[in-house]
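The values are calculated or read from the model by the stated rules, or taken from the named source; none is laboratory data. Note that this is a predicted model, so its numbers are computed, not measured. Note: ideal-geometry Cβ built from the backbone for every residue, glycine included; neighbour counts use all protein chains shown. Heavy atoms of the whole protein, side chains included, go into the accessibility calculation; ligands, DNA and RNA do not. Shrake-Rupley method; radii C 1.70, N 1.55, O 1.52, S 1.80 Å.
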Amino acid sequence: MVMDAMGCQGCSYRGMSTAVEDTFVGVRFREETNLTLCATGGQLLATGEHVVVDLEAGPAFGKVERSPMPVFKPCQKAGAKPVLRLADDGDRTAWERQVQNEWNGRRYCQQRAQELGLEMKVSRVDFLLSGKKATFYFTANGRVDFRQLVRDLSKRFSCRVKMVQVGARDEAGLVGGVGICGRTLCCSTWLKDFRPISIQMAKRQNLSLNPSKISGQCGRLLCCLAYEDDQYRKPSRTSSHRPGTDS
């Protein structure tokens, strides 16, 4: 298998291992559906223990939901997030403060945006465990001048603030939910890249064109319309033999 800093180039690794290693556990952050594979560095952790994990954004508070966690591919091991330590009382206090800040931040941001006449909707707020940085995700129909809003938020919560404008599909992935299929939204679990979706996909699959049947929580056409579209694009297999001729 060829691997580089970015991963395994489309998981060219074809093998499958059922080996379970005690040094890998599944950790859940917030109310996320998926578990994050984390490396314990040789430490044995039990299900239910709270840990602090080094994520890309910074240290994060999580709960061990599966120990040990099966690892199927070498690239998964390479991408496992390191567990920094077992959470102590200080970490639990910081986590409670983080949750409260996120709730208050979303409420205050939406209220202040209305006062400033900004047409935007706050979708989600993420604070770091340290409380030194916060990211505010929002949707809007056009560009928004949020410079004054950022200053107000920074002053209110004494942290560095980043505003991120997202589209309707990205918002659905951030917020999460259950689709009309009865399963957790693909965009909030595993789907990260959005393909262009057209009504022609539904027509090719002989699906109902009722918007309520083929639209997702985001109000756009269902991403799953593209999953089997390639199969419906293939020409039907018809015989080229014409009557009265030899094959």
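Working note: Karplus 6.51/-1.76/1.60 with θ = phi - 60° gives the stretch 116-123 the couplings 8, x, 8, 8, 8, 10, 7, 8 Hz, where Gly and Pro are set to x. Lysine pair count for the chain with Cα-Cα distance under 17 Å and sequence separation of 8 or more or different chains is 9. Taking the protein heavy atoms of the chain in the context of the full set of protein chains, the accessible area attributed to carbon and sulfur is 49 percent at 1.4 Å. When you filter the GluC sites (Glu not before Pro) in the stretch 93-123 for DSSP loop state and at most 11 other Cβ atoms inside 10 Å of their Cβ, you are left with Glu119. Projected label points at Arg107 and Ser130, each 7 Å from Cα along the beta carbon direction, are separated by 2.8 nanometres. Of the trypsin sites (Lys or Arg not before Pro) found in the stretch 119-173, those that fall in a DSSP loop while having at most 12 other beta-carbon atoms within 10 Å are Lys132, Arg143.
Per-residue ellipticity at 222 nm for the chain, helices alone: DSSP H runs ≥ 4 residues times -39500 (n - 2.57), over residue total, nearest 500 deg cm²/dmol?
Working: 7 runs with 66 residues, N = 247.
That calculation yields -7500 deg cm²/dmol at 222 nm.
Subtracting the Cα-Cα distance of Leu209 and Arg233 from their residue separation scaled by 0.36 nm leaves 6.8 nm. With the simple model of a label 7 Å out from the Cα in the direction of the Cβ, Phe72 to Arg147 spans 5.0 nm.
Averaged per residue, the chain has 65 square angstrom of accessible surface, using a 1.4 angstrom probe with ligands and nucleic acids left out. Charges on Cβ only, +1 for Lys and Arg, -1 for Asp and Glu, centred on the Cα centroid of the stretch 27-99; of Ser67, Phe29, Leu86, which one is farthest towards the dipole's positive end? Toward the positive end, the furthest listed residue is Ser67. Working note: Karplus 6.51/-1.76/1.60 with θ = phi - 60° gives the stretch 138-151 the couplings 8, 10, 7, 6, x, 6, 10, 8, 9, 4, 5, 4, 4, 4 Hz, where Gly and Pro are set to x.
Close amide H contacts of Ser123 (hydrogens built in the peptide plane, cut-off under 5 Å, sequence separation of 5 or more or a different chain): Tyr137, Phe138, Thr139. Shown in residue order for the stretch 91-96 are the 3J(HN,Hα) couplings computed by the Karplus curve 6.51 cos²θ - 1.76 cosθ + 1.60 at θ = phi - 60°: 5, 5, 5, 5, 5, 4 Hz (x for Gly and Pro). With each label modelled as a point 7 angstrom along the Cα→C-beta vector, the Leu191-Val99 pair spans 3.0 nm. Can you give the % of DSSP beta bridges in the chain that are antiparallel, to the nearest 5? That works out to approximately 75 percent antiparallel.
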